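In what follows, a structure is listed as C-alpha coordinates, so that the remarks can point back to it.
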Amino acid sequence: MRRSVTVRVIQHRPVLGDLQANLADHRARVRAAAEEGVDLVVFPELSLTGYALGDLVDAVALDPGHARWPEVLALSEDVDVALGYVERGADGYLYNAGAYLHRGELLHSHRKTYLPTYGPFDEQRFFTPGRTIEAFDAPWGRAALVVCEEAWHPAITHGAVAQGAEVLLTISNAPGRGPQEGDWASQRGWRGILASYARLYAVWVVYANRVGYEEGFVFGGGSAVIAPDGRELLVGDPLEPDELTAALDPAELRRARIANPAHGIERHQMLIEALARAAAPEARAVAAGEREKAQP
Amino acid sequence: MTTAAGIDKVPRLDADLVVRALAIALSQTLDDAGRSGFVMGLSGGVDSALAAAIALRAAGPGAVHAFHLPAGTAITDSAEIAREMADHLGIDLKTIPVGPLVDGAPLATSEARGRGNFTSRIRMALLYDRAAALDALVLGTSNKSEIALGYTTLWGDMAADCWPLGDLYKTQVLDVARSIGLPAAVVERTPSAELWDGQTDEGELGFSYSQADLVLYAYLEGRRRPEEIAGSGIDADVVERVLDRVQRNAFKRRLPWIPKLTTRTVGHDFLHPRAWRGPA
(Lines give C-alpha, C1' and ligand atoms only; values in the text may rest on other atoms or scores of the structure.)
Protein backbone atom coordinates (compact mmCIF):
# COMPACT_ATOMS: atom_id res chain seq x y z
CA MET A 1 0.00 0.00 0.00
CA ARG A 2 1.25 3.44 -0.87
CA ARG A 3 -0.65 5.21 1.89
CA SER A 4 -3.36 4.92 4.49
CA VAL A 5 -6.90 5.02 3.13
CA THR A 6 -10.01 5.88 5.12
CA VAL A 7 -12.81 3.65 3.96
CA ARG A 8 -16.53 3.92 4.65
CA VAL A 9 -18.73 0.86 4.11
CA ILE A 10 -22.33 1.75 3.31
CA GLN A 11 -24.68 -0.98 4.49
CA HIS A 12 -27.79 0.33 2.79
CA ARG A 13 -31.24 -0.66 1.58
CA PRO A 14 -31.58 0.25 -2.11
CA VAL A 15 -34.92 0.68 -3.84
CA LEU A 16 -35.48 -2.28 -6.16
CA GLY A 17 -35.36 -1.26 -9.80
CA ASP A 18 -35.18 2.50 -9.18
CA LEU A 19 -31.89 3.90 -10.52
CA GLN A 20 -32.90 7.48 -9.88
CA ALA A 21 -33.72 6.95 -6.20
CA ASN A 22 -30.59 4.89 -5.65
CA LEU A 23 -28.36 7.43 -7.38
CA ALA A 24 -29.78 10.11 -5.10
CA ASP A 25 -29.01 7.95 -2.06
CA HIS A 26 -25.46 7.31 -3.31
CA ARG A 27 -24.93 11.03 -3.91
CA ALA A 28 -26.07 11.98 -0.41
CA ARG A 29 -23.86 9.40 1.26
CA VAL A 30 -20.84 10.19 -0.89
CA ARG A 31 -21.22 13.91 -0.20
CA ALA A 32 -21.39 13.30 3.56
CA ALA A 33 -18.35 11.02 3.40
CA ALA A 34 -16.33 13.59 1.45
CA GLU A 35 -17.12 16.24 4.05
CA GLU A 36 -15.92 13.91 6.79
CA GLY A 37 -12.58 13.21 5.16
CA VAL A 38 -13.30 9.71 3.87
CA ASP A 39 -11.16 8.59 0.91
CA LEU A 40 -13.22 5.68 -0.39
CA VAL A 41 -16.92 4.82 -0.07
CA VAL A 42 -17.82 1.16 -0.65
CA PHE A 43 -21.42 0.20 -1.49
CA PRO A 44 -22.75 -3.39 -1.68
CA GLU A 45 -23.31 -5.49 -4.80
CA LEU A 46 -25.98 -4.13 -7.20
CA SER A 47 -26.19 -1.02 -5.02
CA LEU A 48 -27.62 1.08 -7.87
CA THR A 49 -30.44 -1.35 -8.67
CA GLY A 50 -31.33 -3.75 -5.85
CA TYR A 51 -31.06 -7.52 -6.14
CA ALA A 52 -34.27 -9.37 -7.00
CA LEU A 53 -34.62 -7.73 -10.42
CA GLY A 54 -35.78 -10.70 -12.44
CA ASP A 55 -36.66 -9.45 -15.91
CA LEU A 56 -35.96 -5.85 -14.83
CA VAL A 57 -32.20 -6.36 -15.40
CA ASP A 58 -32.47 -5.03 -18.94
CA ALA A 59 -34.37 -1.93 -17.81
CA VAL A 60 -31.72 -0.90 -15.26
CA ALA A 61 -28.56 -1.86 -17.19
CA LEU A 62 -25.95 0.86 -17.64
CA ASP A 63 -23.42 1.47 -20.38
CA PRO A 64 -21.33 4.53 -21.27
CA GLY A 65 -24.13 5.77 -23.55
CA HIS A 66 -26.80 5.64 -20.84
CA ALA A 67 -28.29 9.02 -19.89
CA ARG A 68 -27.47 8.43 -16.23
CA TRP A 69 -23.91 7.15 -16.66
CA PRO A 70 -22.37 10.64 -16.24
CA GLU A 71 -24.17 10.88 -12.88
CA VAL A 72 -22.63 7.59 -11.82
CA LEU A 73 -19.14 8.75 -12.73
CA ALA A 74 -19.73 12.11 -11.05
CA LEU A 75 -20.24 10.37 -7.70
CA SER A 76 -16.46 10.06 -7.49
CA GLU A 77 -15.49 13.69 -8.07
CA ASP A 78 -14.42 14.26 -4.46
CA VAL A 79 -14.04 10.76 -3.07
CA ASP A 80 -13.41 7.34 -4.59
CA VAL A 81 -16.44 5.08 -4.88
CA ALA A 82 -16.86 1.32 -5.26
CA LEU A 83 -20.39 0.24 -6.16
CA GLY A 84 -22.45 -2.47 -7.78
CA TYR A 85 -24.48 -2.13 -10.98
CA VAL A 86 -25.88 -3.96 -13.97
CA GLU A 87 -23.46 -3.52 -16.87
CA ARG A 88 -24.63 -3.77 -20.45
CA GLY A 89 -21.49 -4.93 -22.20
CA ALA A 90 -20.43 -3.75 -25.64
CA ASP A 91 -21.23 -7.36 -26.59
CA GLY A 92 -24.88 -6.74 -25.69
CA TYR A 93 -24.87 -9.11 -22.70
CA LEU A 94 -25.82 -8.15 -19.15
CA TYR A 95 -23.34 -8.50 -16.30
CA ASN A 96 -23.58 -8.22 -12.52
CA ALA A 97 -20.62 -5.87 -12.11
CA GLY A 98 -18.62 -3.96 -9.56
CA ALA A 99 -17.05 -0.59 -10.42
CA TYR A 100 -14.23 1.41 -8.87
CA LEU A 101 -14.64 5.10 -9.67
CA HIS A 102 -11.93 7.73 -9.22
CA ARG A 103 -12.12 11.46 -10.01
CA GLY A 104 -15.08 11.09 -12.30
CA GLU A 105 -13.72 8.11 -14.22
CA LEU A 106 -14.20 4.37 -14.27
CA LEU A 107 -10.85 3.12 -12.98
CA HIS A 108 -11.79 -0.56 -12.88
CA SER A 109 -14.85 -2.69 -13.57
CA HIS A 110 -15.22 -6.33 -12.61
CA ARG A 111 -17.89 -8.71 -13.92
CA LYS A 112 -19.03 -11.32 -11.41
CA THR A 113 -17.65 -14.65 -12.57
CA TYR A 114 -19.64 -17.08 -10.44
CA LEU A 115 -23.39 -16.45 -10.57
CA PRO A 116 -25.19 -18.51 -7.93
CA THR A 117 -27.98 -20.49 -9.57
CA TYR A 118 -28.97 -22.93 -6.87
CA GLY A 119 -31.05 -22.93 -3.70
CA PRO A 120 -32.91 -19.60 -3.61
CA PHE A 121 -30.63 -17.98 -6.24
CA ASP A 122 -31.31 -17.62 -9.94
CA GLU A 123 -28.60 -15.27 -11.20
CA GLN A 124 -27.39 -17.09 -14.27
CA ARG A 125 -30.92 -16.93 -15.67
CA PHE A 126 -30.57 -13.15 -15.86
CA PHE A 127 -26.81 -12.40 -16.07
CA THR A 128 -23.87 -13.55 -18.16
CA PRO A 129 -20.81 -14.61 -16.13
CA GLY A 130 -17.59 -12.60 -16.27
CA ARG A 131 -14.39 -14.40 -17.33
CA THR A 132 -11.54 -12.71 -15.48
CA ILE A 133 -10.29 -11.72 -12.09
CA GLU A 134 -7.89 -8.81 -12.03
CA ALA A 135 -6.25 -6.79 -9.30
CA PHE A 136 -5.91 -3.07 -10.06
CA ASP A 137 -4.03 -0.04 -8.85
CA ALA A 138 -6.13 2.31 -6.74
CA PRO A 139 -4.57 5.66 -5.79
CA TRP A 140 -3.61 4.33 -2.35
CA GLY A 141 -2.56 0.77 -3.18
CA ARG A 142 -3.47 -2.40 -5.01
CA ALA A 143 -7.01 -3.73 -4.73
CA ALA A 144 -9.44 -6.26 -6.15
CA LEU A 145 -13.22 -6.30 -6.37
CA VAL A 146 -14.78 -9.57 -5.23
CA VAL A 147 -18.51 -9.88 -5.84
CA CYS A 148 -20.52 -12.00 -3.39
CA GLU A 149 -20.50 -15.66 -4.54
CA GLU A 150 -16.90 -15.20 -5.72
CA ALA A 151 -15.87 -15.18 -2.06
CA TRP A 152 -17.05 -18.80 -1.90
CA HIS A 153 -14.57 -19.75 -4.62
CA PRO A 154 -11.15 -19.46 -2.96
CA ALA A 155 -9.44 -19.42 -6.36
CA ILE A 156 -10.84 -15.92 -6.97
CA THR A 157 -9.18 -14.52 -3.87
CA HIS A 158 -6.04 -16.52 -4.56
CA GLY A 159 -5.92 -15.11 -8.10
CA ALA A 160 -6.48 -11.55 -6.91
CA VAL A 161 -3.83 -11.71 -4.21
CA ALA A 162 -1.38 -13.42 -6.55
CA GLN A 163 -1.74 -10.29 -8.72
CA GLY A 164 -0.73 -8.16 -5.79
CA ALA A 165 -4.04 -7.21 -4.18
CA GLU A 166 -3.55 -5.73 -0.72
CA VAL A 167 -7.17 -4.83 -0.09
CA LEU A 168 -10.14 -7.01 -1.06
CA LEU A 169 -13.25 -4.95 -1.68
CA THR A 170 -15.86 -7.66 -1.19
CA ILE A 171 -19.37 -6.54 -2.06
CA SER A 172 -22.40 -8.76 -1.61
CA ASN A 173 -26.18 -9.10 -1.42
CA ALA A 174 -26.22 -11.98 1.03
CA PRO A 175 -29.62 -12.88 2.49
CA GLY A 176 -29.67 -13.79 6.17
CA ARG A 177 -30.30 -17.41 7.04
CA GLY A 178 -30.41 -18.97 10.49
CA PRO A 179 -31.47 -16.26 12.97
CA GLN A 180 -29.68 -17.64 16.00
CA GLU A 181 -27.98 -16.18 19.05
CA GLY A 182 -28.16 -12.55 18.02
CA ASP A 183 -26.95 -12.91 14.44
CA TRP A 184 -27.54 -14.75 11.20
CA ALA A 185 -25.67 -18.05 11.11
CA SER A 186 -25.05 -17.36 7.42
CA GLN A 187 -23.36 -13.99 8.10
CA ARG A 188 -21.23 -15.49 10.86
CA GLY A 189 -20.13 -17.99 8.23
CA TRP A 190 -19.40 -15.25 5.73
CA ARG A 191 -17.18 -13.31 8.10
CA GLY A 192 -15.43 -16.50 9.13
CA ILE A 193 -14.46 -17.09 5.52
CA LEU A 194 -13.37 -13.48 4.98
CA ALA A 195 -11.34 -13.45 8.19
CA SER A 196 -9.61 -16.59 6.97
CA TYR A 197 -8.70 -14.87 3.69
CA ALA A 198 -7.45 -11.82 5.54
CA ARG A 199 -5.27 -13.95 7.76
CA LEU A 200 -4.08 -16.48 5.16
CA TYR A 201 -3.14 -13.83 2.60
CA ALA A 202 -2.35 -10.95 4.98
CA VAL A 203 -4.75 -8.57 3.22
CA TRP A 204 -7.30 -6.03 4.35
CA VAL A 205 -10.86 -7.16 3.73
CA VAL A 206 -13.58 -4.55 3.35
CA TYR A 207 -16.95 -6.27 3.26
CA ALA A 208 -20.09 -4.41 2.18
CA ASN A 209 -23.37 -6.32 2.45
CA ARG A 210 -26.86 -4.88 2.26
CA VAL A 211 -30.00 -4.98 4.40
CA GLY A 212 -33.70 -4.68 3.63
CA TYR A 213 -36.30 -6.98 2.09
CA GLU A 214 -36.97 -8.01 -1.51
CA GLU A 215 -39.08 -10.86 -2.85
CA GLY A 216 -38.70 -13.16 0.12
CA PHE A 217 -35.07 -12.29 0.87
CA VAL A 218 -34.23 -10.59 4.17
CA PHE A 219 -30.70 -9.37 3.57
CA GLY A 220 -28.34 -10.05 6.44
CA GLY A 221 -26.10 -7.00 6.80
CA GLY A 222 -23.11 -7.84 8.96
CA SER A 223 -20.73 -5.80 6.80
CA ALA A 224 -17.22 -5.70 8.19
CA VAL A 225 -13.72 -4.35 8.12
CA ILE A 226 -11.20 -7.11 8.77
CA ALA A 227 -7.52 -6.47 9.45
CA PRO A 228 -4.69 -8.37 7.71
CA ASP A 229 -4.23 -10.57 10.79
CA GLY A 230 -7.88 -11.69 10.64
CA ARG A 231 -9.27 -9.45 13.38
CA GLU A 232 -12.80 -8.14 12.82
CA LEU A 233 -12.39 -4.43 13.51
CA LEU A 234 -15.95 -3.35 12.73
CA VAL A 235 -19.15 -5.30 12.10
CA GLY A 236 -22.48 -3.92 10.86
CA ASP A 237 -25.95 -4.56 12.25
CA PRO A 238 -27.67 -7.77 11.06
CA LEU A 239 -30.81 -5.92 9.87
CA GLU A 240 -30.55 -2.14 9.89
CA PRO A 241 -28.72 0.26 7.61
CA ASP A 242 -25.28 1.02 8.98
CA GLU A 243 -22.02 2.73 8.10
CA LEU A 244 -18.57 1.51 9.08
CA THR A 245 -15.61 3.86 8.82
CA ALA A 246 -12.03 2.73 9.29
CA ALA A 247 -8.52 3.78 8.28
CA LEU A 248 -6.66 0.96 6.52
CA ASP A 249 -3.11 1.47 7.70
CA PRO A 250 -0.26 0.17 5.49
CA ALA A 251 1.71 -0.46 8.68
CA GLU A 252 -0.79 -3.14 9.72
CA LEU A 253 -0.35 -4.84 6.36
CA ARG A 254 3.44 -4.65 6.73
CA ARG A 255 3.37 -6.15 10.21
CA ALA A 256 0.96 -8.91 9.18
CA ARG A 257 3.11 -9.87 6.21
CA ILE A 258 6.22 -10.07 8.38
CA ALA A 259 4.36 -12.18 10.95
CA ASN A 260 2.83 -14.41 8.28
CA PRO A 261 4.91 -14.53 5.10
CA ALA A 262 3.19 -17.70 3.86
CA HIS A 263 1.61 -16.14 0.77
CA GLY A 264 4.82 -14.35 -0.17
CA ILE A 265 6.45 -17.66 -1.05
CA GLU A 266 3.51 -18.98 -3.08
CA ARG A 267 4.74 -21.15 -6.00
CA HIS A 268 2.53 -20.00 -8.84
CA GLN A 269 4.14 -22.26 -11.45
CA MET A 270 3.47 -25.30 -9.26
CA LEU A 271 -0.18 -24.32 -9.04
CA ILE A 272 -0.41 -23.61 -12.78
CA GLU A 273 0.98 -27.09 -13.48
CA ALA A 274 -1.44 -28.70 -11.03
CA LEU A 275 -4.37 -26.86 -12.58
CA ALA A 276 -3.20 -27.80 -16.08
CA ARG A 277 -3.14 -31.45 -15.03
CA ALA A 278 -6.57 -31.11 -13.39
CA ALA A 279 -7.99 -29.44 -16.52
CA ALA A 280 -6.66 -32.09 -18.92
CA PRO A 281 -9.51 -34.15 -20.43
CA GLU A 282 -8.48 -37.41 -18.82
CA ALA A 283 -8.12 -35.82 -15.36
CA ARG A 284 -11.51 -34.19 -15.67
CA ALA A 285 -13.06 -37.50 -16.59
CA VAL A 286 -11.50 -39.15 -13.55
CA ALA A 287 -12.72 -36.34 -11.33
CA ALA A 288 -16.20 -36.89 -12.76
CA GLY A 289 -16.06 -40.57 -11.81
CA GLU A 290 -15.50 -41.83 -15.33
CA ARG A 291 -12.17 -43.51 -14.68
CA GLU A 292 -12.81 -46.40 -17.04
CA LYS A 293 -13.70 -44.17 -19.96
CA ALA A 294 -10.52 -42.17 -19.42
CA GLN A 295 -8.29 -45.21 -19.79
CA PRO A 296 -7.04 -45.80 -23.31
CA MET B 1 -28.46 -30.87 19.49
CA THR B 2 -28.26 -34.28 17.89
CA THR B 3 -30.31 -37.31 18.87
CA ALA B 4 -28.67 -40.67 19.41
CA ALA B 5 -29.24 -41.75 15.84
CA GLY B 6 -27.98 -38.49 14.39
CA ILE B 7 -31.11 -36.58 13.42
CA ASP B 8 -30.84 -32.93 14.38
CA LYS B 9 -33.55 -31.32 16.48
CA VAL B 10 -35.43 -28.29 15.21
CA PRO B 11 -33.10 -25.41 16.11
CA ARG B 12 -34.00 -22.74 18.62
CA LEU B 13 -34.19 -19.37 16.89
CA ASP B 14 -33.35 -15.93 18.22
CA ALA B 15 -36.85 -14.58 18.82
CA ASP B 16 -35.83 -10.93 18.75
CA LEU B 17 -33.96 -11.29 15.45
CA VAL B 18 -36.86 -13.27 13.93
CA VAL B 19 -39.40 -10.63 14.90
CA ARG B 20 -37.18 -7.77 13.70
CA ALA B 21 -36.53 -9.50 10.37
CA LEU B 22 -40.18 -10.30 9.74
CA ALA B 23 -41.25 -6.78 10.70
CA ILE B 24 -38.82 -5.41 8.12
CA ALA B 25 -40.29 -7.79 5.53
CA LEU B 26 -43.85 -6.71 6.33
CA SER B 27 -43.01 -3.03 6.40
CA GLN B 28 -41.31 -3.22 2.99
CA THR B 29 -44.26 -5.23 1.63
CA LEU B 30 -46.65 -2.44 2.66
CA ASP B 31 -44.42 0.18 1.01
CA ASP B 32 -44.15 -1.88 -2.16
CA ALA B 33 -47.90 -2.36 -2.37
CA GLY B 34 -48.63 1.24 -1.44
CA ARG B 35 -51.19 0.10 1.14
CA SER B 36 -51.74 1.58 4.56
CA GLY B 37 -52.11 -1.47 6.80
CA PHE B 38 -52.95 -5.12 7.34
CA VAL B 39 -56.22 -6.98 7.70
CA MET B 40 -56.07 -10.34 9.44
CA GLY B 41 -58.04 -13.00 11.21
CA LEU B 42 -57.34 -13.19 14.94
CA SER B 43 -58.53 -16.62 16.02
CA GLY B 44 -57.29 -16.84 19.56
CA GLY B 45 -54.50 -19.19 18.46
CA VAL B 46 -50.78 -18.64 18.55
CA ASP B 47 -50.12 -18.21 14.81
CA SER B 48 -52.42 -15.23 14.33
CA ALA B 49 -51.30 -13.82 17.69
CA LEU B 50 -47.63 -13.83 16.66
CA ALA B 51 -48.44 -12.55 13.16
CA ALA B 52 -50.42 -9.70 14.74
CA ALA B 53 -47.56 -8.83 17.08
CA ILE B 54 -45.15 -8.65 14.13
CA ALA B 55 -47.57 -6.67 11.95
CA LEU B 56 -48.01 -4.24 14.81
CA ARG B 57 -44.27 -3.75 14.98
CA ALA B 58 -44.13 -3.23 11.21
CA ALA B 59 -47.12 -0.96 10.70
CA GLY B 60 -48.18 0.53 14.03
CA PRO B 61 -51.35 0.03 16.10
CA GLY B 62 -53.73 2.01 13.86
CA ALA B 63 -52.73 -0.05 10.83
CA VAL B 64 -53.53 -3.58 12.03
CA HIS B 65 -57.20 -4.48 11.64
CA ALA B 66 -58.03 -7.79 13.28
CA PHE B 67 -61.23 -9.78 12.81
CA HIS B 68 -62.46 -12.67 14.88
CA LEU B 69 -64.45 -14.99 12.61
CA PRO B 70 -66.13 -17.68 14.73
CA ALA B 71 -67.70 -20.55 12.79
CA GLY B 72 -68.62 -23.20 15.33
CA THR B 73 -71.65 -23.39 17.54
CA ALA B 74 -69.88 -24.81 20.56
CA ILE B 75 -68.94 -22.40 23.30
CA THR B 76 -65.16 -21.95 23.18
CA ASP B 77 -62.83 -19.54 24.89
CA SER B 78 -61.46 -18.37 21.51
CA ALA B 79 -63.39 -15.12 21.41
CA GLU B 80 -62.23 -14.24 24.88
CA ILE B 81 -58.60 -15.05 24.12
CA ALA B 82 -58.69 -13.14 20.82
CA ARG B 83 -60.01 -10.16 22.77
CA GLU B 84 -57.29 -10.56 25.43
CA MET B 85 -54.71 -10.72 22.65
CA ALA B 86 -56.03 -7.62 20.87
CA ASP B 87 -56.06 -5.72 24.16
CA HIS B 88 -52.56 -6.96 24.99
CA LEU B 89 -51.29 -5.58 21.66
CA GLY B 90 -53.57 -2.55 21.59
CA ILE B 91 -55.04 -3.30 18.17
CA ASP B 92 -58.58 -2.99 16.86
CA LEU B 93 -60.68 -6.20 16.89
CA LYS B 94 -64.08 -6.77 15.35
CA THR B 95 -66.14 -9.95 15.33
CA ILE B 96 -68.03 -11.26 12.31
CA PRO B 97 -69.82 -14.59 12.92
CA VAL B 98 -69.43 -16.72 9.78
CA GLY B 99 -71.66 -19.58 10.96
CA PRO B 100 -74.87 -18.00 9.56
CA LEU B 101 -73.19 -17.41 6.18
CA VAL B 102 -72.11 -21.05 5.98
CA ASP B 103 -75.51 -22.27 7.17
CA GLY B 104 -77.20 -20.22 4.45
CA ALA B 105 -74.94 -21.45 1.64
CA PRO B 106 -76.24 -24.13 -0.79
CA LEU B 107 -73.32 -26.50 -0.17
CA ALA B 108 -72.93 -29.77 -2.07
CA THR B 109 -72.20 -31.65 1.12
CA SER B 110 -72.94 -31.44 4.79
CA GLU B 111 -69.81 -33.47 5.55
CA ALA B 112 -67.51 -31.72 8.02
CA ARG B 113 -64.45 -31.35 5.79
CA GLY B 114 -66.29 -29.82 2.83
CA ARG B 115 -68.15 -27.49 5.10
CA GLY B 116 -64.90 -26.66 6.92
CA ASN B 117 -63.13 -25.76 3.68
CA PHE B 118 -66.04 -23.54 2.70
CA THR B 119 -65.88 -21.87 6.10
CA SER B 120 -62.19 -21.22 5.64
CA ARG B 121 -62.84 -19.65 2.22
CA ILE B 122 -65.69 -17.51 3.55
CA ARG B 123 -63.34 -16.20 6.21
CA MET B 124 -60.80 -15.10 3.63
CA ALA B 125 -63.51 -13.65 1.35
CA LEU B 126 -64.56 -11.45 4.25
CA LEU B 127 -60.98 -10.44 5.00
CA TYR B 128 -60.41 -9.42 1.37
CA ASP B 129 -63.64 -7.42 1.46
CA ARG B 130 -62.41 -5.57 4.54
CA ALA B 131 -58.93 -5.17 3.07
CA ALA B 132 -60.34 -3.38 0.02
CA ALA B 133 -62.36 -1.07 2.26
CA LEU B 134 -59.42 -0.36 4.58
CA ASP B 135 -56.73 0.01 1.87
CA ALA B 136 -54.93 -2.92 3.47
CA LEU B 137 -53.16 -6.16 2.61
CA VAL B 138 -54.40 -9.51 3.90
CA LEU B 139 -51.91 -11.00 6.33
CA GLY B 140 -51.71 -14.79 6.15
CA THR B 141 -50.87 -16.69 9.33
CA SER B 142 -49.88 -20.11 7.94
CA ASN B 143 -46.72 -21.58 9.40
CA LYS B 144 -44.10 -23.84 7.79
CA SER B 145 -45.48 -27.02 9.35
CA GLU B 146 -48.98 -26.42 8.00
CA ILE B 147 -47.73 -25.39 4.57
CA ALA B 148 -45.36 -28.36 4.28
CA LEU B 149 -48.03 -30.80 5.45
CA GLY B 150 -50.68 -29.18 3.28
CA TYR B 151 -52.82 -28.91 6.39
CA THR B 152 -54.55 -25.92 4.88
CA THR B 153 -57.49 -25.00 2.69
CA LEU B 154 -56.54 -24.00 -0.83
CA TRP B 155 -57.81 -20.42 -1.39
CA GLY B 156 -59.07 -20.52 2.19
CA ASP B 157 -56.64 -19.85 5.04
CA MET B 158 -53.89 -19.98 2.38
CA ALA B 159 -55.37 -16.98 0.55
CA ALA B 160 -53.30 -14.02 1.67
CA ASP B 161 -50.91 -11.37 0.37
CA CYS B 162 -47.98 -12.62 2.45
CA TRP B 163 -47.07 -15.40 4.87
CA PRO B 164 -44.69 -13.90 7.41
CA LEU B 165 -44.62 -17.12 9.48
CA GLY B 166 -44.14 -19.40 6.47
CA ASP B 167 -40.54 -20.31 7.34
CA LEU B 168 -41.19 -21.05 11.02
CA TYR B 169 -42.22 -24.52 12.13
CA LYS B 170 -45.14 -24.63 14.54
CA THR B 171 -42.86 -25.43 17.45
CA GLN B 172 -40.70 -22.42 16.52
CA VAL B 173 -43.80 -20.20 16.33
CA LEU B 174 -44.65 -21.30 19.85
CA ASP B 175 -41.12 -20.69 21.07
CA VAL B 176 -40.89 -17.22 19.51
CA ALA B 177 -44.38 -16.32 20.83
CA ARG B 178 -43.37 -17.40 24.31
CA SER B 179 -40.04 -15.57 24.13
CA ILE B 180 -41.60 -12.24 23.18
CA GLY B 181 -44.07 -12.51 26.06
CA LEU B 182 -47.39 -13.22 24.36
CA PRO B 183 -50.07 -14.17 26.91
CA ALA B 184 -49.93 -17.75 28.23
CA ALA B 185 -53.59 -18.22 27.28
CA VAL B 186 -52.54 -17.99 23.62
CA VAL B 187 -49.28 -19.90 23.79
CA GLU B 188 -50.61 -22.81 25.82
CA ARG B 189 -53.75 -23.41 23.73
CA THR B 190 -54.51 -26.59 21.83
CA PRO B 191 -54.07 -25.74 18.12
CA SER B 192 -57.31 -25.80 16.12
CA ALA B 193 -58.66 -24.26 12.93
CA GLU B 194 -62.08 -24.29 14.65
CA LEU B 195 -63.85 -25.13 11.42
CA TRP B 196 -66.15 -27.51 13.27
CA ASP B 197 -66.88 -28.28 16.87
CA GLY B 198 -64.20 -30.27 18.65
CA GLN B 199 -61.70 -30.10 15.77
CA THR B 200 -58.02 -30.03 16.80
CA ASP B 201 -55.00 -30.00 14.48
CA GLU B 202 -53.20 -32.81 16.22
CA GLY B 203 -56.36 -34.92 16.53
CA GLU B 204 -57.08 -34.59 12.84
CA LEU B 205 -53.48 -35.06 11.67
CA GLY B 206 -52.93 -38.05 13.92
CA PHE B 207 -49.55 -36.88 15.18
CA SER B 208 -48.26 -33.99 17.27
CA TYR B 209 -46.57 -30.90 15.87
CA SER B 210 -43.43 -31.69 17.85
CA GLN B 211 -43.28 -35.10 16.13
CA ALA B 212 -44.12 -33.64 12.73
CA ASP B 213 -41.57 -30.82 13.04
CA LEU B 214 -38.78 -33.24 13.88
CA VAL B 215 -39.57 -35.21 10.72
CA LEU B 216 -40.08 -32.12 8.55
CA TYR B 217 -36.85 -30.49 9.73
CA ALA B 218 -34.86 -33.66 9.10
CA TYR B 219 -36.41 -34.00 5.64
CA LEU B 220 -36.39 -30.36 4.48
CA GLU B 221 -33.31 -28.75 5.96
CA GLY B 222 -31.47 -31.93 6.89
CA ARG B 223 -32.12 -33.51 3.46
CA ARG B 224 -32.39 -36.89 5.19
CA ARG B 225 -33.89 -39.87 3.41
CA PRO B 226 -37.16 -41.17 4.90
CA GLU B 227 -35.47 -44.40 6.00
CA GLU B 228 -32.78 -42.45 7.86
CA ILE B 229 -35.45 -40.50 9.73
CA ALA B 230 -37.38 -43.64 10.57
CA GLY B 231 -34.12 -45.24 11.71
CA SER B 232 -33.45 -42.45 14.16
CA GLY B 233 -35.93 -43.59 16.76
CA ILE B 234 -38.96 -41.64 15.51
CA ASP B 235 -42.10 -43.76 15.10
CA ALA B 236 -41.84 -45.11 11.52
CA ASP B 237 -45.57 -44.79 11.06
CA VAL B 238 -45.45 -41.09 11.92
CA VAL B 239 -42.52 -40.55 9.52
CA GLU B 240 -44.52 -42.19 6.76
CA ARG B 241 -47.69 -40.26 7.42
CA VAL B 242 -45.90 -36.90 7.69
CA LEU B 243 -43.96 -37.41 4.46
CA ASP B 244 -47.02 -38.77 2.71
CA ARG B 245 -48.82 -35.51 3.45
CA VAL B 246 -45.83 -33.49 2.21
CA GLN B 247 -45.86 -35.44 -1.05
CA ARG B 248 -49.61 -35.63 -1.54
CA ASN B 249 -50.10 -31.90 -1.01
CA ALA B 250 -47.25 -30.66 -3.21
CA PHE B 251 -49.84 -29.05 -5.49
CA LYS B 252 -50.97 -26.76 -2.68
CA ARG B 253 -47.55 -25.18 -2.54
CA ARG B 254 -47.58 -24.03 -6.16
CA LEU B 255 -49.63 -21.55 -8.14
CA PRO B 256 -51.91 -23.04 -10.82
CA TRP B 257 -49.89 -24.20 -13.81
CA ILE B 258 -49.90 -22.63 -17.24
CA PRO B 259 -49.05 -24.90 -20.19
CA LYS B 260 -46.40 -23.09 -22.20
CA LEU B 261 -47.46 -22.40 -25.79
CA THR B 262 -45.63 -19.21 -26.75
CA THR B 263 -42.12 -17.78 -26.43
CA ARG B 264 -42.92 -15.74 -23.31
CA THR B 265 -45.20 -17.06 -20.63
CA VAL B 266 -46.20 -15.83 -17.19
CA GLY B 267 -44.35 -17.79 -14.51
CA HIS B 268 -41.98 -19.48 -16.98
CA ASP B 269 -40.01 -16.67 -18.58
CA PHE B 270 -41.98 -13.50 -17.83
CA LEU B 271 -40.55 -12.89 -14.39
CA HIS B 272 -40.71 -9.58 -12.59
CA PRO B 273 -40.53 -8.70 -8.91
CA ARG B 274 -43.81 -7.89 -7.18
CA ALA B 275 -42.46 -4.40 -6.57
CA TRP B 276 -42.06 -3.34 -10.18
CA ARG B 277 -40.84 0.23 -10.23
CA GLY B 278 -38.99 2.34 -12.71
CA PRO B 279 -38.91 1.65 -16.42
CA ALA B 280 -40.58 -1.37 -18.02
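Below, the figures for the structure above:
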quantity: Subset tally (residues that are among the aromatic types (Phe, Trp, Tyr) and either assigned to a strand (DSSP E or B) or within 12 Å of chain B (Cβ to nearest Cβ) (or both)) for segment A:172-201; calculated: 1
quantity: First in segment B:264-277 and in contact (Cβ under 8 Å) with a residue 60 or more places away in the chain and within 7 Å of chain A (Cβ to nearest Cβ), second anywhere and part of a loop (DSSP other than H, G, I, E, B) and surrounded by 13 or more Cβ atoms within 10 Å (Cβ to Cβ), Cβ under 8 Å, 6 or more apart; calculated: B:274/A:215; B:275/A:16; B:275/A:17; B:275/A:215
quantity: Residue that is surrounded by the fewest Cβ atoms within 10 Å (Cβ to Cβ) [pool: residues in segment A:107-121 that are more than 17 Å from residue A:157 (Cβ to Cβ) and of a type outside the set (Ser, Thr, Tyr)]; calculated: A:119
quantity: Selection status of residue A:101, in contact with a helix residue (DSSP H, G or I) (Cβ under 8 Å, 6 or more places away or on another chain) and under 19 Å from residue A:8 (Cα atoms); calculated: yes
quantity: Residue tally, condition of a type outside the set (Val, Ile, Thr) and more than 14 Å from every other protein chain (Cβ to nearest Cβ), over segment A:1-16; calculated: 5
quantity: Selection status of residue A:24, among the hydrophobic types (A, V, I, L, M, F, W, C) and either surrounded by fewer than 23 Cβ atoms within 10 Å (Cβ to Cβ) or assigned to a helix (DSSP H, G or I) (or both); calculated: yes
quantity: Selection count where residues are without any contact (Cβ under 8 Å) to a residue 60 or more places away in the chain and of a type in the set (Val, Ile, Thr), scope segment B:120-142; calculated: 1
quantity: So residue A:45, is it away from chain B (no Cβ under 14 Å), modelled with pLDDT of 95 or more and crowded, with 19+ Cβ neighbours inside 10 Å; calculated: yes
quantity: Complete set of residues in segment A:176-190 that are closer than 13 Å to residue A:235 by Cα and touching a strand residue (DSSP E or B) at 6+ places or on another chain (Cβ under 8 Å); calculated: A:190
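The values are calculated or read from the model by the stated rules, or taken from the named source; none is laboratory data. Not measured: the values here are computed from a predicted model. Cβ atoms come from the backbone with ideal geometry, glycine included; neighbour counts cover every protein chain shown.
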